[in-house]
Structure formats: C-alpha cells, structure tokens
Amino acid sequence: MTSSPPDSPAPPPQISTEIRDLRKELLRLLLLAIPTGLVQFLIKRFQDGLAWQPWQSVWILIPLVVISWILWQIVKGRREFRLHGPFLAFFVCYVLIFDIAASTGLLDWKRVPTGYDPHAVPSSFLIPGFFGDWRYRLLQKGAVGQDVSIVLMPPAERVAERRADLRRLIRIAQINHAKGLAFDFYFPDAAPARIVDDLLCSEVKTAAEQGTTSVFGYSFDVVVHGEIRRQPTSQTLPCIAPDISGHLVVLQDVDDSVRYVPLYFRGNRDQPSLSLRVASALSNRRTNELPAPDNGLLQFVAPSRLPGTIRYEELTGDPQAGIFLRDQWVFVGENSDQDTFKTPFGKVPGVMIHAFAAESLAHGLYIQHLPPWQIFVLIFGFCYILAVFAAQGVTVRGMLRFAAVSTISLIALAAASMWLWRIWVDTIYFASAIWILLPLLLAWRKLRS
C-alpha cells in the first residue's frame, strides 16, 4: 500500500500579500503601457509632418499629457477621478457639443465673397471677426517682399480706354524685362473695343514670347436660386486662356475686413485664384504642388516690407521709371476708393491683397489653424478635471481658480503659437466650455446637497 505524498505547505501570508501587490503593479504597468504605446504610434504617424511643423508636437503632447494623467489617476485606484451614471452621460454630451461647435465654426462669422452680389450669402453675428485680431499684433510678418511690385491704374470711364492703357503697360513691362503681369481687372464683352482687343492680344503674345507672362482676373455672377457661375471672358480676347486666368474673389467678414482669400473658388481646383497662379510662377511649381491650407482658405500674412508701388502716370510720364518693373512679377489694379478694403494690416487697395496672398503662398508663410480635434481633447481633459473637482467638493474659489488658470494658460499658449509658428488657436471654444460648465457643476452640486 503506497502512501500519498504530504500536502505542500501553504506560503506564508506575507509572501501571498507580496505576490498580490506584484500582480497589481504589473497590471498598472501594463495599463500605463497602453497610452505610452499610443503616444509612440501617433508620433510615428505624424513624424514626417512634425519635422516640417514642430508646433504640431506641442499641441499633440499637451492633450495627451492631460488625458494620460487622468488615466493614471484612475489606474491608481483614485475613485474620485471616475464619473458614473447620468452625470457621465451629461458630461460626454456636453463636450461633444463643443467638439461639433469647434469643428463647424459655429461661433464664427460667415464670410461674404466679394466680387459679386454680397447679399447672396447670409451672415452670422455670434462672434465678431475682430475679436481674434489681437493675434495679428503678435504676428511675425512674412519675408521681405521683393518678388512682386504693384502698378496702380487711374479709374477709366470706358472699356476701350482701360484696355489701351493695359496694352501700353504690357509693352513697358516687356521692354524692362518684367517676369510677368497679373491683372486685377475683369474683361467683359465690349463690342466697341474689338480693334483695341486685337491689339491687346497681340501685345500679350509678343510679351510672352519675350519672357513676360500675363495672368488675367475674372469674377462671378449670381444667377437663378443664388447659384454662382464664372463671368464669361470677352469673346474678342482669345488670348485670355483658362490656364492663365485666376479668380479675384476675396472673403470679406461682416465687419468689412478681408482676412482670407479662397485659393479655389467653391473648392474647384480648375478655378484657382489669381494669387495662386502668381505664387506658382514665383516658386516654379504647379498650383497643386504648393504647400497650402487643407481647407483651401488662405489667411494671408503681410510681408515685412510692403511691395513697391508705382502709379501708371509715373510709368508713362518718365522713360526711366520702367526700371521699377525689372525682374518683378507686377500686380496691376485700380487706384480707387471702390477697390479699397480693410485688412488686419490696414486699409489697402484690393490688388495689394492679391500681392500679400501670392507672397504668403510662394514663401509658405501664412497663418495655419490648430485642428479642431486637438482643441476637443483639451476641452475634454480640462472639463473632466473640473467635473472631478465639483464631485469631490472642491470650494467654489478653488474651481474658479482652476478655470481662470486654465483659460489664461491656453490664451498664453495661443499667443506663443502665433508668435513662434503663425498658428491660430481658437480659444473661444475652450473658454466657453470651461466657463459654461462651471455654473452648471455648481448648480448640480447644490441640488445634490
């Protein structure tokens, strides 16, 4: 008869406790590895973009640090960092509302494209456009504007008179070896100007053969049901081909200030702006190869020195004045009050706006906007912390202090981003989310007590 082996002795209680603690620590480390791996994945995903846009690393890192800290507090067993039940549902819905607002620009003024009937586009009056213009005071301007010059033409009463003046200007530019001319003018049909049009096209062709390219502007009409279509170019001007034409539309906010230029009208890449055409020529790249905002709206920057400007009368009155156009891309526009606009950089002729846009694009120096999802993550993280403070009975003064410090910190970061990288951070959504949530949390806490 064989005897069964004796039972192995049970481990001492102290060793069992150490094993359980070790398991808990391993679990915490495993959970901590998840956000760490996520950070590494995102950095790898955006590695090429971060090399060219270092500001992205800052605005990716800050939200991830906030969310990772909250997750770490939950992993450590801090129950006060957990939201439950109906309040969790309310919190999720609340931050989603601000995510949608930030993504759709709900609080922004709608912009009115000028160059056709301005009453065709509705306006919104929630947040004034000038409310965010404090950023322009911090903006480091663009490169020294030496690539383009401007010729201001006097107002002309007749189409034939205008086209005769432009023909003379093209000849002066070609003789002085200008690189090209961009005309901030419309060229509608004008039957009496048929002979003048033939002469103009002949001058355009001769100048192009000598290395001076001409780019022409066009506008749009509003037709039935508010539909917008391109104005047809004069049939007597066959030299104005689509590949040397660009639209002249700019976006004018309801405060009458121009801050944006649409690079493609209504997103149609077959209809680039005049400034995009010139920027493409300046940088020797195709229009679709230039680095440009993803949404097709260029928030331009004025160069550190304004483009040189000369009046048409000076060019025609002084034979030596034509040297001003040598080796330049020349923007040609009208010198009149009707073609003058307010901008964050002062009141300027409309043609100057196109010159600003071309310089900004050619040098890659324009204002970019922080992606809405990054603002959403910040809203989520800081509102979550504020909700935790409310649940834990933090004093009203303490919650006010947290909201104030958070808002001031984000505004400071927004100012630094504009100063260092020309990055526009919409602080209005973050501030609105924090300061609207604060009284709601205080009211909720009072009802529970």
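Throughout, read-outs are computed from the coordinates displayed, never taken from laboratory work. Since we're looking at a predicted model, the values are computed, not measured. As a convention, Cβ positions derive from the backbone with ideal geometry for all residues, glycine included, and neighbour counts pool all protein chains shown.
Calculated FRET efficiency, Gln146 and Arg448, Cβ-Cβ r, R0 45 Å, to nearest 0.05?
Calculated transfer efficiency: 0.10.
Taking a point 7 angstrom from the Cα of Asp198 along the C-beta vector, which residues in the stretch 228-263 have backbone N less than 16 Å away?
Residues 235-239 qualify, since their backbone N sits under 16 Å from the label point.
Measuring from label point to label point, each 7 Å out along Cα→Cβ, what is the Tyr186 to Ala412 span in nm?
The answer from the label model is 5.2 nm.
Please list, in order, the residues from the stretch 407-449 whose amide nitrogen is less than 16 Å from a point placed 7 Å along the Cα→Cβ vector of Ser304.
Correct set: 419-422.
Want the number for Asp327 to Asp270: 0.36 nm per residue separation, take away the alpha-carbon distance, what's left?
17.7 nm
Report the calculated FRET efficiency for Arg137 and Val405 (r = Cβ-Cβ distance, R0 = 22 Å), to the nearest 0.05.
Calculated value: 0.40.
Using R₀ = 45 Å, calculate the FRET efficiency as 1/(1 + (r/R₀)^6) where r is the Cβ-Cβ separation of Asn295 and Gln320; round to 0.05.
So the FRET efficiency works out to roughly 0.50.
So for Thr395, Thr213, Thr316, Thr233, fewest C-beta neighbours within 10 Å to most, what's the order?
Thr395, Thr316, Thr213, Thr233
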